[in-house]
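Notes for the one structure printed next.
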Amino acid sequence: MIHSSMNCTKCKTKAVMKLPRHNAAFCKPCFNHFVHDQVEKAIKSQAMFGPDERILVAVSGGKDSLALWHILLALGYHADALYVHLGIAGYSERSYDKVQYYAKMIAAPLGATLHTHTVEQEAGAGIKELAQLVHRPTCSTCGTIKRYQFNRAAIEKEYDVMATGHNLDDEAARLLGNVLHWQEEYLDKQGPSLPASVEGFAKKVKPLYRLTERELAAYCVLNKIDYIVDECPMAQGAKTLLYKEVLNRLETESPGTKQYFYWGFLEKQRKQSATSAPATMAEKDQTILHPCMSCGQPTTAESCSYCKLMARAKSAVPH
Amino acid sequence: MHIQLSHPSRTVDIKGPKRAKDVLRELNLVVEAHLVIRGDELVTEDEMLADQDHIEIRPVISGGT
Ligand code: SF4
Ligand SMILES: [Zn+2]
Ligand SMILES: [Zn+2]
């Protein structure tokens, strides 16, 4: 138990952040060291990528993705970023400003590049209008577009791996949701490192899965990374928020709950795949996937969901 | 002390001196879901906050999808 000692566990100067789940408190330099160390552990233990590989980070202007880009650059990795401009009035411009500012002031001097994909340019409308046009919820339309564009950029620009800013809270909340509904088919794909299962799909990794949202926000504040605190106005993740709230209440009562829950799951998964060797995900995918007839990206149908979306949007446009 | 809150953006006044964790409790906010920032410096929940301090309590949990 930490009493109200406010000194850094390591160097005894004044602490700025307590970490009950590690029974520690850190000053700024020691906290940064802790964060970098956790990410390095994630990268190595899950065989995410090596020092010579090219990484494409999916950035949104929020704390997690900007922190991820910052940490990878600090660790000396070759990390560029892609921002998908969704065209959401009052939000996209502000989040894009944060990304551009970071790219210009910090990433560019380190030799890193920001790529931007603008939804309106390719689809002729912003995400909200597009979703209305095809009669689908905004977030599911958005998900289809982002997944597609990140994968396309990674493949076309020849990155070895695509990294997203999912943190421990995201993964623990998702796991809780999947377990509560026994969504076993999703449990398969919940690891922090998904291999490039077939030609045309980039490898995907989540290097922040060992860090909590609070730790990542603290990392941004301490390192003066200016991120967008507001959420996307379309966000309706009421379920996710509820799961996160419940997990945080458990965490408060018994520090470490979130990491035991998610890391424990990963450990079980690792053991299982080591003993029984059922068809690996790559093998399963290979049997059901083939190239989309319009764009070539792997899909289970004739056209991929992105091409279907675009086709429906085009036919819905009144001429 | 002046406290800046988000979601929705608003300010409240609370009488100091008071520990950050007690301020959070008074506002019904969970430590695990917030950061306490004084001026532009992060402080721990044990920090004693004074009346003249400018405090931001920043939520760190995002809903996403
Ligand atoms: S909240 Fe919905 S619309 Fe906004 S970025 Fe997330 S998925 Fe896209
Ligand atoms: Zn220290
Ligand atoms: Zn396609």
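Per Stokes-Einstein, at 4 °C and 1.567 mPa s, what whole-number D in µm² s⁻¹ belongs to chain A, with the Kirkwood radius over Cα pairs as the hydrodynamic radius?
D, rounded to a whole number, is 61 µm²/s.
Return a whole-number percent for the relative contact order of segment B:2-59, with Cα pairs under 8 Å and 6 or more residues apart as the contact set.
Relative contact order here is 45 percent.
Please compute how much accessible surface disappears when B pairs with A, both sides summed, using a 1.4 Å probe, and round it to the nearest 100 Å².
2500 Å²
With a 1.4 Å probe and all protein chains left in place, how much of the accessible area of segment B:2-59 comes from carbon and sulfur atoms, in whole percent?
That fraction is 49 percent.
If I build a Gaussian network model for chain A, linking alpha-carbon pairs within less than 10 angstrom, which residue out of A:Asn151, A:Asn167, A:Asn23 has the largest mean-square fluctuation?
Per the Cα network of chain A with a 10 Å cutoff, A:Asn23 tops the list.
Put a dot 7 Å past each Cα toward the Cβ at B:His7 and B:Glu41; how far apart are the dots in nm?
According to this spin-label approximation, the distance is 2.7 nm.
Out of A:Pro195, A:Pro255, A:Pro109, any idea which swings most in a Gaussian network model of chain A, alpha carbons joined below 10 Å?
In the Gaussian network model the winner is A:Pro109.
Quick one: compute the contact order of segment A:25-279, relative version, from alpha carbon pairs under 8 angstrom and 6+ residues apart, as a percent.
23 percent
Which of the GluC sites (Glu not before Pro) found in segment A:159-216 are loop residues per DSSP with 16 or fewer other Cβ atoms within 10 Å of their Cβ?
Filter output for segment A:159-216: A:Glu199.
Using 12 Å as the cut-off for backbone N distance, which residues of segment A:58-92 belong to the label zone defined by a point 7 Å from the Cα of A:Thr116 along Cα→Cβ?
Inside the label zone: A:83-87, A:92.
Using a 1.4 angstrom probe on heavy atoms only, work out the carbon and sulfur share of the accessible area of segment A:25-279 in %.
After summing per-atom areas, the C and S share lands at 54 percent.
With a 1.4 Å probe and all protein chains kept in place, how much accessible area does B:Val12 have, in Å² rounded to the nearest 10?
40 Å²
Find the accessible area per residue for chain A; the probe is 1.4 Å, ligands and nucleic acids are left out, and the unit is Å².
The answer is 49 Å² per residue.
Enumerate by residue number the chymotrypsin sites (Phe, Trp or Tyr not before Pro) in segment A:117-225 meeting two conditions: DSSP loop (anything except H, G, I, E, B), and at most 15 other Cβ atoms within 10 Å of the site's Cβ.
For chymotrypsin sites (Phe, Trp or Tyr not before Pro) across segment A:117-225 that sit outside H, G, I, E and B with at most 15 neighbouring Cβ atoms in 10 Å, the list reads A:Trp182.
Using only the Cα atoms of segment B:2-59, build the gyration tensor, take square roots of its eigenvalues as a ≥ b ≥ c, and label the shape rounded, prolate or oblate: rounded if a/c is under 1.5, else prolate if a/b is larger than b/c, else oblate.
rounded
Cα centroids of segment A:21-92 and segment A:217-258: how far apart, whole angstrom?
16 Å
The values are calculated or read from the model by the stated rules, or taken from the named source; none is laboratory data. These numbers were taken from a predicted model, which means no experiment stands behind them. Using ideal geometry, Cβ is built from the backbone for each residue, glycine included, and neighbour counts are taken over all protein chains shown. For accessibility, only protein heavy atoms count, side chains too; no ligands or nucleic acids. Shrake-Rupley method; radii C 1.70, N 1.55, O 1.52, S 1.80 Å.
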